[in-house]
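Asker: The structure follows.
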Amino acid sequence: MQFASVILRYFLFPVMVLALWNRCGTTKTEEDTRTVFNYNEMAGTTSLDPATANNLEDIWPVNQLFNGLLQMDDSLRVKPCIAKRWYISDDGLTYTFTLRDDVFFHDNACFEKGKGRKVVARDVVFSFNRLYDAKTSSAMSLLTNIDRSEKTNYKGFSAPNDTTVIICLKEPFSAFLSVLTMKYFSVIPSEATDMYGQDFRRNPVGTGPFKFKLWEEGTKLVLLKNENYFEFEGNQRLPYLDAVTLSFVKDRETAFMELLNGKYDMLSGADAFNINEVLDKNGDLQEAYAKKFTLQKQTFLKTDYLGILVDENMELVKKSPLRIKAIRKAINYAFDREKMVKYFRKNVGYPATAGFIPNGLPSFNDKIVKGYSYDPEKVRQLLMEAGYPEGKDLPEITLHTTDNYLEQTEFIQSQLADNNIKVKISVDKPSVLRQAVASCEYNFFKKSWVGDYADEENFMSLFYSKNFAPMGSNYTHYKNPEFDILFEKVIREQNREVKNAMYQKMDQMLIDDAPVVPLYYDQVIRLVSKRIHGLTTNPMNLLNLKTVKKSNS
């Protein structure tokens, strides 16, 4: 009975959307021509406030509702958005943005007579200053370089007039424009937070191509077309779609059935459907599904890895053989990444045989950064060097993972055992693993890192010694003075070729010191109905729906 009620509820979802339009006075004929993009989000959306948008399940709907000063195109180039142009001072410390004068907030009860007003520079300053509130924002770590000293009258962000925004930095930061494309830096009106307070998370007011209509948490979310959106494609005002709906079915088999029945237009992610059923051995779409769906695959700025705590000041590390570099390197050589990607991921992703920086960023070069491949002879040599010939007397090592990655880690466990390295697997809940890793309670763990913005700094910051967990994201407590010096230099460097060379050198240091075991560089993967046109992908895996069209047959 429970299963039947779930199915009934989700088949009624499109009827509900049409009913919403009907209340607005649309006719039956108009309803028939409406186009709605429907997708499922297994993880569930938790907030529509951009200040807390730190995961894809929140970032995707937030991206439809809000805009920032800048945006990233599918080739990871920074483009204008609410700001039509910008200027960077010669010393790299002052950024001046000139705003468009045709951007309006969505109509909402928080405004006089319910009519959305024009966006002005003080809205940007308000939105950015709001990120300093730890109770509101997840972005505080991104603000440490904003200059709020006496030099700037204690104002890192300022608005000298309605169309000019000035941002001051303490030190040059070459990735700063990329950082501003993150959804944290969306522009919101103060009237909305004044009216809704903490409940702004479920009463969003932005400038995006779609506007908020309805959210029943855990069940459905409805966004309607913003008829006054400021972006055009040629002479056509965007967006093309009339609405976007999200469902939150947690069971992937149920969600896949809904896709087959035409309820959904897209499922996204290797965990969202059974890739063993849908994909062939080469990672292509099975013929049975190719007539109805398109498979989208795209390089993803995401590296999956095994992390190793290497801080010898910690008791946990002092007692572990993982404190020995030769053991860490032996683990890197002791399993076949290509087989793992082929058989356990159906060739979704690329074996991580270079560094930690993933395929898709400019500095990635597997001919310059030499990583690890399967080599039992090197494992044997390294075990002997570490004082454990043929693994004799080598203590068993515990690897912490989650159920989603159990098959992969069991494969690694088996291959390491074949090479005389004994590993015990501990399966944790994702929340438990996340907290334990952040608190440095585990010294060997399965983890992944997704790029928050399109710059290698975001990946290398995981190994900068001033970012030690739990205050920062250096979960391995890796510390290398030469690495730190390069990190501090590269974030100031503007020349792309010079940056590439510096990042490659840093990446090779990581490989040689082996605080991590890179597994694979992931791919964006989506199963999309052939009724959908103009849906693009990008290495950030950001869902952009403003240029999407849908045919009704």
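Asker: Which residues, counting only those in the range 364-387, are farther than 23 Å from Thr476 by Cα, in contact with a Phe, Trp or Tyr (Cβ under 6 Å, 6 or more places away or on another chain) and surrounded by 17 or more Cβ atoms within 10 Å (Cβ to Cβ)?
Answerer: Listed by number, the list holds a single entry, Lys378.
Asker: For the range 358-386, enumerate the residues that are in a loop (DSSP other than H, G, I, E, B) and under 29 Å from Ala436 (Cβ atoms). Spell out how you get there, then give the answer.
Answerer: So the first thing to find is which residues in the range 358-386 are in a loop (DSSP other than H, G, I, E, B), and the list is 358, 360, 362-375, 386.
Within the range 358-386, Pro358, Gly371, Tyr372, Ala386 meet the criteria.
Asker: Just for the range 489-510: of the residues that are outside any loop (DSSP other than H, G, I, E, B) and over 24 Å from the mean Cα position of the chain (by Cα), which one is farthest from Phe468 (Cα to Cα)?
Answerer: Result: Glu497.
Asker: In the set Leu322, Leu285, Leu267, Leu309, which member is surrounded by fewer than 20 Cβ atoms within 10 Å (Cβ to Cβ) and at pLDDT 90 or above? Reasoning before the result, please.
Answerer: Details: Leu322 fails: surrounded by fewer than 20 Cβ atoms within 10 Å (Cβ to Cβ); Leu267 fails: surrounded by fewer than 20 Cβ atoms within 10 Å (Cβ to Cβ); Leu309 fails: surrounded by fewer than 20 Cβ atoms within 10 Å (Cβ to Cβ).
The conditions single out Leu285.
Asker: Anything in the range 51-89 that is surrounded by fewer than 16 Cβ atoms within 10 Å (Cβ to Cβ) and charged (D, E, K, R)? List them, or say none.
Answerer: Listed by number, the residues that qualify are Asp73, Asp74, Arg77, Lys79, Lys84, Arg85.
Asker: Is it true that Gly218 is farther than 18 Å from Lys115 by Cα, in the same structural domain as Asp102 (by TED's automatic domain parsing) and of a type outside the set (S, T, N, Q)?
Answerer: Working: farther than 18 Å from Lys115 by Cα: yes; in the same structural domain as Asp102 (by TED's automatic domain parsing): no; of a type outside the set (S, T, N, Q): yes.
No; evaluated as a whole, the condition is false for this residue.
Asker: Among (1) buried (at least 16 other Cβ atoms within 10 Å of the Cβ); (2) modelled with pLDDT of 95 or more; (3) charged (D, E, K, R); (4) not assigned by TED's automatic domain parsing to the domain that holds Ser127, which single condition is Arg252 missing?
Answerer: (2)
Asker: Specify the residue that is surrounded by the most Cβ atoms within 10 Å (Cβ to Cβ); the eligible residues are those in the range 519-546 that are hydrophobic (A, V, I, L, M, F, W, C) and not in a strand (DSSP E or B).
Answerer: Met540
Asker: Go through the range 450-472 and count every residue that is surrounded by fewer than 17 Cβ atoms within 10 Å (Cβ to Cβ) and assigned to a loop (DSSP other than H, G, I, E, B).
Answerer: Counting residues in the range 450-472 that are surrounded by fewer than 17 Cβ atoms within 10 Å (Cβ to Cβ) and assigned to a loop (DSSP other than H, G, I, E, B) gives 3.
Asker: Please go through the range 97-140 and pick out each residue that is among the aromatic types (Phe, Trp, Tyr), outside any loop (DSSP other than H, G, I, E, B) and touching a residue at least 24 places away in the same chain (Cβ under 8 Å). Don't jump to the end; show me each part of the working.
Answerer: Narrowing the range 97-140 to residues among the aromatic types (Phe, Trp, Tyr): 97, 104-105, 111, 126, 128, 132.
Still in the list and also outside any loop (DSSP other than H, G, I, E, B): 97, 104, 126, 128, 132.
Scanning the range 97-140 gives Phe97, Phe104, Phe126, Phe128.
Asker: Here is a follow-up. Give me the pairs, please: first residue somewhere in the range 64-78 and in the same structural domain as Asp102 (by TED's automatic domain parsing), second residue anywhere and among the basic types (Lys, Arg) and surrounded by fewer than 23 Cβ atoms within 10 Å (Cβ to Cβ), beta-carbon distance under 6 Å, and either six or more positions apart or on two chains.
Answerer: If the second residue must be among the basic types (Lys, Arg) and surrounded by fewer than 23 Cβ atoms within 10 Å (Cβ to Cβ), the pairs left are Gln71/Lys79; Asp73/Lys79.
The values are calculated or read from the model by the stated rules, or taken from the named source; none is laboratory data. Computed from a predicted structure; not experimentally measured. Cβ sites come from the backbone with ideal geometry, for glycine too, and all protein chains shown count toward neighbours.
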